[in-house]
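Below: the structure, in structure tokens.
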Amino acid sequence: MPGVPVGVGSRVSLRYRIPDGMTDVVGHLEALHPTVVVRTKSGEHVEVAPTEVVSVRELSHAQVRNSQIRDLERTAALARPAAEQEWLAGWLLRADPYDPDRRANSAVPLDFLADLAALSQIVDWYARRRREPWLDLPERLLPVRATGSAPSRMLTCEGPAVDAEVAMSRTERGVAYVRVDEDDLPAIARFAAMGFRLHHRSRFVLASDLV
């Protein structure tokens with residue numbers, strides 16, 4: 001199928017051709033061959049010929065609330081503090097000359113009060129440090145239409161069986177999480193084999209492009 005490889009058990013949004021156009025179905029993949037089978041929330045099984053699939057987008061394994069996205073992002077951000085951090089109107093602003101990772105040099109909305117009204121202040125904060133004002137935006141938390149760059153996936157695994165050679169972090173409830181680039185297909189497949197599932201996506205957007 002087109003798009004990122006997905007396996008049986010994944011929850012997807014699948015678009016496919018029908019005689020009078022195209023339609024979509026959302027549900028869990030139950031088979032890929034000889035036909036693609038998607039089980040919807042109501043229990044209906046939709047069968048689609050692989051040649052009729054137009055696109056497929058993997059969704060979070062179960063419905064995820066915005067508060068759950070925010071809580072996981074807060075855990076990940078606070079577990080990896082930058083050299084300089086400051087809270088501003090619900091945003092955590094981070095700057096670190098010793099860490100090239102953009103996550104350590106971006107602002108992330110971790111409080112439900114965070115909104116776009118603070119963008120000018122964020123731009124000024126990074127300008128004083130001679131840095132680009134990157135926003136680290138988890139999906140659904142803010143109404144930003146910009147495509148952005150460097151999309152990534154936050155993957156989670158509730159089971160204890162994980163690869164001991166991979167450095168991972170856990171939430172207070174013991175859920176393991178890891179962030180993977182959206183285009184790193186080998187890593188996505190490797191973590192999927194270890195039981196990790198998509199929790200949500202993120203992307204980077206320049207605050208200066210939104211002011």
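General remarks:
- Residue check, Asp124 assigned by TED's automatic domain parsing to the domain that holds Pro143, within 27 Å of Thr171 (Cβ to Cβ) and not basic (Lys, Arg): no
- Qualifying residue in the range 82-93 (condition: at pLDDT 95 or above, part of a helix (DSSP H, G or I) and touching an Asp or Glu at 6+ places or on another chain (Cβ under 8 Å)): no
One line per residue, one yes/no per condition, for (1) in contact with an Asp or Glu (Cβ under 9 Å, 6 or more places away or on another chain); (2) at pLDDT below 95:
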| residue | (1), (2) |
| --- | --- |
| Leu155 | no, yes |
| Glu158 | no, yes |
| Glu172 | no, yes |
| Ala192 | no, yes |
| Leu198 | yes, yes |
| Ser202 | yes, no |
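- Some residue of the range 98-107 being part of a strand (DSSP E or B), among the hydroxyl-bearing types (Ser, Thr, Tyr) and free of Cβ contacts under 8 Å to residues at least 60 places away in the same chain: no
- Qualifying residue in the range 35-53 (condition: polar (S, T, N, Q) and in a helix (DSSP H, G or I)): yes
- Residue within the range 97-107 that is surrounded by 14 or more Cβ atoms within 10 Å (Cβ to Cβ), touching a Lys or Arg at 6+ places or on another chain (Cβ under 8 Å), under 25 Å from Leu155 (Cα atoms) and acidic (Asp, Glu) present: no
- Among the numbered conditions (1) surrounded by fewer than 19 Cβ atoms within 10 Å (Cβ to Cβ); (2) more than 23 Å from Ala79 (Cα to Cα); (3) of a type outside the set (Lys, Arg), the only one that Phe112 does not meet is (2).
Let's see how each residue does on (1) within 25 Å of Glu172 (Cα to Cα); (2) surrounded by 15 or more Cβ atoms within 10 Å (Cβ to Cβ); (3) assigned by TED's automatic domain parsing to the domain that holds Leu155:
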position	(1), (2), (3)
Pro19	no, no, no
Gly27	no, yes, no
Thr40	no, no, no
Glu52	no, no, no
Ser67	yes, no, yes
Arg70	yes, yes, yes
Thr75	yes, yes, yes
Ala82	yes, yes, yes
Glu86	yes, no, yes
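- Set side by side, the residues Ala114, Ala118, Ala62 differ, and just one is at pLDDT 95 or above and assigned to a loop (DSSP other than H, G, I, E, B), which is Ala114.
The values are calculated or read from the model by the stated rules, or taken from the named source; none is laboratory data. Small disclaimer: the values here were computed from a predicted structure and weren't measured. Here Cβ is always computed from backbone atoms with ideal geometry, including for glycine, and neighbour counts include all displayed protein chains.
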